[in-house]
1. Residue check, Ser278 against (1) in contact with a Ser or Thr (Cβ under 7 Å, 6 or more places away or on another chain); (2) surrounded by fewer than 16 Cβ atoms within 10 Å (Cβ to Cβ), all met but one. Which one?
2. Taking the options Leu78, Leu124, Leu74, name whichever one is part of a helix (DSSP H, G or I), touching a strand residue (DSSP E or B) at 6+ places or on another chain (Cβ under 9 Å) and free of Cβ contacts under 8 Å to residues at least 60 places away in the same chain.
3. Name, by its number, the condition in (1) assigned by TED's automatic domain parsing to the domain that holds Glu251; (2) closer than 26 Å to Arg231 by Cα that does not hold for Ala52.
4. Let me spell it out: the conditions are (1) more than 20 Å from Ala63 (Cβ to Cβ); (2) away from ligand 2 (no atom under 16 Å from the Cβ); (3) surrounded by fewer than 17 Cβ atoms within 10 Å (Cβ to Cβ), and Ala146 meets all of them except one. Which number is the exception?
5. Take the residues in region 31-63 that are among the hydroxyl-bearing types (Ser, Thr, Tyr) and modelled with pLDDT of 95 or more, then tell me which one is farthest from ligand 1 (Cβ to nearest atom).
6. Show me the helices (runs of 4 or more DSSP H) found entirely inside region 176-246 where at least 2 residues are surrounded by 19 or more Cβ atoms within 10 Å (Cβ to Cβ) and charged (D, E, K, R).
7. Which condition number does Ser115 fail, the rest of (1) part of a helix (DSSP H, G or I); (2) surrounded by fewer than 15 Cβ atoms within 10 Å (Cβ to Cβ); (3) of a type outside the set (Asp, Glu) being met?
Amino acid sequence: MPGSPPELPIVVLDALMPTSQRMVLDRRGSTVWEVESHRGHYAVKVGYPIEATAEWAAQPWTALAPAREGAVLLRLGLVDLAYGEWERGTWNFQPWHEGPDLYQLWEPCRRPDSSIAPHTSVALGCVEALAELHAKGWAHGDVQPAHFIIGPERTHLIDLALAQGGNVPEGYDFPFRGCLVHYEAPEIARSVLDTGEAEPTQEADVYALGASLLISATGWRAMEYPDDAPRSVQREAVADGRRRLVKAPGELGELIDAMLSHAPGDRPTIFEVGKALS
Ligand SMILES: Nc1ncnc2c1ncn2[C@@H]1O[C@H](COP(=O)(O)OP(=O)(O)O)[C@@H](O)[C@H]1O
Ligand SMILES: [Mg+2]
């Protein structure tokens, strides 16, 4: 892929002196490595700008995302991390969290004729991770199944690059332009359609968690739209609230429905969701 870094930037190698390293993910604008070093076990994220193509406009913000996330993590009180710049963008390292993500963990629930029900305790772990962030006055902005890592001790909510709730250095900041449409609340989709930007909110996070639990438990998206439709058409369907009539099994079903309420004010807070589950 043009532009993607083939190896870790030298500044990161100098900072961590890895004893082993493995590329975990390499997609447009972002590369993630798992790194072991004498200092500890880390996820390293390296960002670079996305060049314009025939289908895509240039996206310079992907270069800033790792530093923005690093600044957010510091604000939230994490100390075992660092971030900075390399030739083409920014990087950060943060503690590595071992475990499957929510979508992987609930794969058996999605098999045809599966009798395996999604575990309430797993849902509660995700709720607690998001509640911790909300209690500090932040909104995540990019809640999705891949961002919940279900560890042996607790569940971690990762990828805080788009989070909002406190100051981040101006040079690393960029506007929020929505998230993955499957998890985007109607009011966010509407705002992105109208203005190209939106404001992450805790209410939209609750919606996104509801959509994440639903898709992980059933394989179905919350809203009805064709997979291959252009993003703006998908956003229209979400903004209009074209809910698909699919329910998660058990007590989760009703709760997820409430989390997916069209009006932000009708959704339970994350603390209310936690109470309902415990
Ligand atoms: N702290 C972490 N611990 C474990 N895995 C991580 C961590 N951070 C990222 N990852 C892995 O890398 C993937 C992409 O990371 P993410 O933070 O979502 O970056 P991006 O900005 O590219 O979406 C995650 O889905 C996860 O598999
Ligand atoms: Mg991500």
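The values are calculated or read from the model by the stated rules, or taken from the named source; none is laboratory data. These figures come from a predicted structure and were not determined experimentally. Here the Cβ positions follow ideal geometry from the backbone for every residue, glycine too, while neighbour counts run over all protein chains shown.
1. So the condition that Ser278 fails would be (1).
2. Values: Leu78 fails: part of a helix (DSSP H, G or I); Leu124 fails: free of Cβ contacts under 8 Å to residues at least 60 places away in the same chain.
Going through Leu78, Leu124, Leu74 in turn, the sole match is Leu74.
3. (1)
4. (2)
5. First pass over region 31-63, keeping only residues among the hydroxyl-bearing types (Ser, Thr, Tyr): 31, 37, 42, 48, 53, 62.
If we keep only those that are modelled with pLDDT of 95 or more too, we end up with 31, 37, 42, 48, 62.
Working: Thr31: 8, Ser37: 15, Tyr42: 8, Tyr48: 11, Thr62: 8 Å.
Here the answer is Ser37.
6. Working: elements: 186-195, 202-218, 231-240.
In region 176-246, the matching helices (runs of 4 or more DSSP H) lie at 202-218.
7. (1)
Conditions tested, residue by residue: (1) assigned by TED's automatic domain parsing to the domain that holds Ala198; (2) touching a helix residue (DSSP H, G or I) at 6+ places or on another chain (Cβ under 8 Å); (3) over 16 Å from Leu255 (Cβ atoms).
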| residue | (1), (2), (3) |
| --- | --- |
| Trp106 | yes, yes, no |
| Arg110 | yes, yes, yes |
| Ser114 | yes, yes, yes |
| His134 | yes, yes, yes |
| Ile150 | yes, yes, yes |
| Glu153 | yes, no, yes |
